[in-house]
Amino acid sequence: MAEQVTRKKRDRIGVVLYLVYILLLIASVLLIARIIHIQIFFDPGQKMTDALTPANVANTVDPARGNIIDCNGRLLAMSCPIYQICMDCTVRRDSNSPEEEEKWLDKARQLSAGLSEIYGDRTPEQYYDLIRGARLSGKKYLKIGKPVDRNAYNRIIELPLFCEGRYKSGLIVEQESIRQYPYGKLARRTIGFVRNNKSNVGNTHIGLEGKFDHILHGTDGIEWLRVTDFGRVRNSDSVYTRAVDGQDLRTTINIDYQEIADKALREQIQNEADLEGACFVLMEVSTGAIRAMVNLSRDRDTHTFEEIQNMAIGRKGEPGSVFKTVTLMSVLNDGYIHSLEETLPATNGNVAGTTIKDPHIPEFVHSHHTNRISVIDGFKISSNYVFATLAVQNYGVIRKGKKVDYERTEKFLGNIYAYKLGDAFDFDLDGLQTPTIPNPKTRYWTDTDLGSIGFGYSTEETPLHILTFYNAIANKGKMMKPYLVEDFEVDGKVTTRRGPSILTAAVCTKAVADTITRALKAVTEEGTAKRLKDAKCAVAGKTGTSFGTYENGQYVNAAGQRKYQGTFVGFFPADAPQYSVICMVYSKPTNQQFQGGGIPARAIKTVIDKLYNIDPCFRESIQQ
């Protein structure tokens, strides 16, 4: 009987287990069927997908911006990291015991003392109140002070509390890169900048930084971040594009020369209340490499001279007497004169066929007891009569009855274009202005217009155009293109070499260049630029003075004042030129005179003398 009862219990247990087995088998089949259905047929919908899938966010990875360096490798512009210190003041607040919370606040008090010492913008008590208040109010993001450099950052992360790490202190560090210029304001308009301007007002890409931004910047990278309980982390399942750092840009600028030129120009203009600006460009004769480019404009607020506008390329005006060299080259090239000793009639200073009159000619006739003046004497005293006459006599219009033949005039204007004084050539900075050259086909024309061009009026040129022309004379007729970028580099290795290039193989013969050089030397030895006679080496060059016009086209305003543009342009050493140079000053309306033989000549003499003192190669070339 007992065995029968035991057997029945076993049978009942077996049935129960069998039923459980059947139920589990059915559940398994249903589960597998459900999984298959979900995998193949189920569509969860966008709402469910968004709820169950961590969000992926594209994040741009910034490359390291390339440096700008001078010709000797010294840093002119560089990118440096800065660090914004922030704090999650709620960290461990809810999990701390009262004793642990008291210890945390005590460390925060010590931290506040350190922050006060490093930043200096708040007292320790103020910092502590700031942190404690943010902790009580549950603030997860508290910005502390302004961004700091690496040295300050290293000190901050060693302070009490912060030294315990992010998860105990709440320390948050945001790193970004800023552009720094080790030499301050030197060549700032040439080096330039790239500015993020959301309002799109004004030019945000200036100088070399702006022109070559695409090379200096490099290529952005892309990474995908997903949201987790610990913040955003990189999604390893997504594509990651590595950033390509920008290349370094090596300039032709010699920062020592730049500093010399900047100081020399400032010394001459800083006490001149009537000046509104000045520029100075030093260029290597054989290559066209620009070794210094100074642009000083008077700031409207501070009234000091700052690098605000690049006048060397962006300001054009009537060149004045420095353009007489263009007329001289033209008549020499075309064979109208063969010697600087050739003479013109000199009586009352009236240019035949024009309204031009030079009051200096009667003075010359009286003092020299002659009725003729040579080309070289006219060049030395900067006679408008001589060069207007050369232009009109040789290139004036020919009238045959009612017909007017402009062939000779167009020949002269064509020479100006051939000397690259009529077009804006490609340059390493944006903003090079196009010269203005009048033409008889596009305006009413008289020989007075032609004569005026002959001595530097009725045209507009930039300082860089004028310097390029004079540099060609120093280079025996070969015209080099001015340039500022030597090459692009990665880790010191050149990737793209630019270097010298030729604008025109020969604007004149060597003989013509030598003849003009002799005339230019006479200007500094006996003429309008005698201030340069005592420079450390012989200088060849030309002074020029012109006047700015007002809205009515007049050169003199109602108060009898003029706006002056004074220029000296030339090269040195005169007999074996290494550098060409131009200096221009621009005045406000004034009764004071600002001529090329004054401030520009004095500034250039200072530069030459200081180059002699610091550059042994330059000094040795002069002494040989």
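The values are calculated or read from the model by the stated rules, or taken from the named source; none is laboratory data. Please read these numbers as outputs of a predicted model, since none were measured by experiment. Every residue, glycine as well, gets a Cβ built from its backbone with ideal geometry; the counts of neighbours run over all protein chains shown. We work out accessible area using only protein heavy atoms, side chains counted, and drop any ligands, DNA or RNA first. Shrake-Rupley method; radii C 1.70, N 1.55, O 1.52, S 1.80 Å.
When a/c is below 1.5 the answer is rounded, else prolate if a/b is larger than b/c, else oblate, so apply that to the chain with a ≥ b ≥ c taken from the square roots of the Cα gyration tensor eigenvalues.
Here the chain falls in the prolate category.
Across the stretch 528-545, computed HN-Hα scalar couplings (Karplus, 6.51 cos²θ - 1.76 cosθ + 1.60, θ = phi - 60°) run 7, 10, 5, 4, 8, 5, 9, 5, 5, 9, 5, 10, 10, x, 9, 8, x, 9 Hz from first to last residue, x flagging Gly and Pro. Here the relative contact order of the chain, from alpha carbon pairs under 8 Å that lie six or more residues apart, stands at 13 percent. Roughly how tilted is helix 599-614, in degrees to the nearest 10 and between 0 and 90, from the longest Cα axis of the chain? Approximately 70 degrees, to the nearest 10. Cα centroids of the stretch 487-551 and the stretch 265-293: 13 Å apart.
Put 450, 25 in order of accessible area, highest first, and with a 1.4 Å probe you get 25, 450. Taking amide H as placed 1.01 Å from N in the peptide plane, residue 285 has its amide H under 5 Å from the amide H of 579, 580, each at least 5 places away in sequence or on another chain. Accessible area per residue for the chain, computed on protein heavy atoms with a 1.4 Å probe, is 51 Å². Close amide-amide hydrogen proximity is noted between residue 502 and 481, each under 5 Å apart and 5 or more residues distant or on a separate chain (H modeled in the peptide plane; Pro and chain starts excluded). Rounded to the nearest 5, the antiparallel percentage of DSSP beta bridges internal to the chain is 95%.
Each residue of the stretch 443-454 is assigned a 3J(HN,Hα), and the resulting list reads 7, 4, 9, 9, 5, 5, 4, 5, x, 5, 4, x Hz, derived from the Karplus form 6.51 cos²θ - 1.76 cosθ + 1.60 (θ = phi - 60°), x at Gly and Pro. The residue list 496, 457, 444 was ranked by how far each Cα lies along the charge dipole of the stretch 371-514 toward its positive end, using unit charges on Cβ atoms, and 444 comes out on top.
Taking θ as phi - 60° and the Karplus parameters 6.51, -1.76 and 1.60, the scalar couplings of the stretch 283-297 work out to 10, 7, 4, 6, 10, x, 5, 8, 8, 7, 9, 10, 9, 10, 10 Hz in sequence order, x denoting glycine and proline. With an 8 Å cut-off on Cα pairs and a minimum separation of 6 or more residues, tell me the relative contact order of the stretch 294-395 in percent. Reported as a whole number, the value is 23 percent.
Between 0 and 90 degrees, the angle of helix 255-269 with respect to the longest Cα principal axis of the chain falls at about 60 degrees. In a DSSP loop and with at most 11 other Cβ atoms within 10 Å, the GluC sites (Glu not before Pro) in the stretch 312-390 are 341.
The portion of the accessible surface of the stretch 495-587 made up by carbon and sulfur, rounded to a whole percent, is 46 (1.4 Å probe; DNA, RNA and ligands excluded). The angle between the Cα long axis of helix 384-395 and the longest principal axis of the Cα atoms of the chain comes to about 90 degrees, rounded to the nearest 10.
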